[in-house]
Amino acid sequence: MADKTLSAEERAGRAFPVSWDQFHRDCRALTWRLNEIGPFHAVVAITRGGLVPAAIVARELGVRVIDTICIASYDHTKQGELQVLKGISADTAQLGGGTGKGLLIVDDLVDTGKTGRMVREILPDAHFATVYAKPKGRPLVDTFITEVSQDTWIFFPWDTALSFAPPLRDGAA
Ligand SMILES: O=P(O)(O)OC[C@H]1O[C@H](OP(=O)(O)OP(=O)(O)O)[C@H](O)[C@@H]1O
Ligand SMILES: Nc1nc2[nH]cnc2c(=O)[nH]1
Ligand SMILES: [Mg+2]
């Protein structure tokens, strides 16, 4: 049974740090795929993690209408109840005909799929794209670039900083 006292990051075990360069490349690769599927009326970013890929994807696709759906679930690395803090605007809802048709939802990743499932309930006909996907959340995503294992924690460049790494012979992992 999973130890509830451990955070998701502690349970993950493996670390997958992503640099700005890598993230930008992965977002561009995602856009190559999305470009074959669109055009999209608007991009909807799932905040906060979806804001960065949404900006890059929207720029590459030439989409200028960008909205947000604000969902909070993880307090750092512990996932709690999902809370929709803000939905999409009436204008965006109208663009998507009420069900999200022709809208592109963007997030940085799917993990358990809880966040993605909630967004899909709100906008069932939208196209859902993420940069990274873990196996549990993968079925919810229409397009993604890189699959990482469920026991991996992804460290995004906006959550990390460069720091000294001791040489291997001094005991570094
Ligand atoms: O598939 P799930 O298990 O639901 O996890 C995926 C979600 O978790 C992270 O967001 P988080 O709630 O940490 O908020 P943030 O984007 O504001 O950092 C990530 O950006 C996804 O939105
Ligand atoms: N940064 C980060 N946030 C997450 N939220 C859910 N899973 C993850 C993950 O692997 N990395
Ligand atoms: Mg998020």
ask   = When you go through (1) open to solvent by 60 Å² or more (accessible area, probe 1.4 Å); (2) away from ligand 1 (no atom under 16 Å from the Cβ); (3) at pLDDT below 95 one by one for LYS78, which number turns out not to apply?
value = (2)
key: In segment 113-135, the residues that are within 10 Å of ligand 1 (Cβ to nearest atom) and either part of a loop (DSSP other than H, G, I, E, B) or surrounded by fewer than 22 Cβ atoms within 10 Å (Cβ to Cβ) (or both)   = GLY113, LYS114, ARG117, MET118, LYS134
query = Among the residues of segment 43-68, which ones are in contact with a helix residue (DSSP H, G or I) (Cβ under 8 Å, 6 or more places away or on another chain) and within 16 Å of ligand 2 (Cβ to nearest atom)?
reply = ALA45, ILE46, VAL52, PRO53
Single match in LYS101, LYS114 (criterion: out of contact with any helix residue (DSSP H, G or I) (no Cβ under 8 Å at 6 or more places or on another chain) and either within 19 Å of GLU9 (Cα to Cα) or within 14 Å of ligand 2 (Cβ to nearest atom) (or both)) = LYS114
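Which residues, counting only those in segment 136-173, are in a loop (DSSP other than H, G, I, E, B), in contact (Cβ under 8 Å) with a residue 12 or more places away in the chain and not hydroxyl-bearing (Ser, Thr, Tyr)? Give the derivation first.
Within segment 136-173, the subset in a loop (DSSP other than H, G, I, E, B) is 136-137, 141-142, 144-145, 148-151, 156, 160-167, 171-173.
Keeping just the survivors that are in contact (Cβ under 8 Å) with a residue 12 or more places away in the chain gives 136-137, 141-142, 144-145, 148-151, 156, 160.
Selection gives LYS136, GLY137, VAL141, ASP142, PHE144, ILE145, VAL148, GLN150, ASP151, PHE156.
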ask   = Tell me, which helices (runs of 4 or more DSSP H) lie completely within segment 1-62 with 3 or more residues that are open to solvent by less than 40 Å² (accessible area, probe 1.4 Å)?
value = 20-35, 51-61
ask   = For segment 136-151, which residues satisfy the criterion of being hydroxyl-bearing (Ser, Thr, Tyr) and surrounded by fewer than 16 Cβ atoms within 10 Å (Cβ to Cβ)?
value = SER149
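The values are calculated or read from the model by the stated rules, or taken from the named source; none is laboratory data. Source: prediction; values computed, not measured. All Cβ positions, even for glycine, are placed from backbone atoms using ideal geometry, and neighbour counts span all protein chains on display. Remember, those area values only see protein heavy atoms, side chains included, never the ligands or the DNA or RNA. Shrake-Rupley method; radii C 1.70, N 1.55, O 1.52, S 1.80 Å.
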